[in-house]
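Just so it is clear, none of the values below were taken in a lab; they were calculated from the coordinates. These figures come from a predicted structure and were not determined experimentally.
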Amino acid sequence: MVTRVAMVGILSALLAVSAARAQEARPGETSSPLELTREAKPPRPIVRPETDRSQAIRDAGQAAADYEQRQRDEALVREQTRPALRRPDLGYDVTSGIQQRNMRR
C-alpha cells in the first residue's frame with residue numbers, strides 16, 4: 001500500500017515538473033510578437049465569356065413557347081377529366097320522389 005502511494009506521489013511530481021517546463025517561454029521567442037503571414041498568390045480574376053444575345057433571345061422565346069404549350073395541354077387534360085355537370089332534374093331526391101308517388105297509385 002505504501003509503495004502505491006509513493007508511486008502515485010512520484011508520478012504526480014513528474015507531471016507537475018513537465019507541465020511547468022512546457023509553460024516556460026524560450027528566451028529567443030519572447031522578443032518577437034506573434035504574427036500571421038500569408039504568402040499566397042492573389043486570386044485569379046474571373047473572366048466570363050461573352051454571351052450571344054441573339055441566342056439568348058431565341059432560347060427565351062423557345063422556353064416561353066414550350067411553357068405555353070404545356071399549359072394548354074394541361075388545360076385540355078383538366079377539361080377532359082372534369083366531371084360532367086349533373087342535371088338537377090335527375091338527382092336522387094327527384095327520382096326517389098317520383099318513384100314513391102308511383103307506388104302510392
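Values as computed for the structure displayed
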item	result
Projected area averaged over orientations for segment 44-105, convex hull of C-alpha atoms, nm²	8.7
Segment 69-95 versus segment 1-20: alpha-carbon centroid distance in Å	91
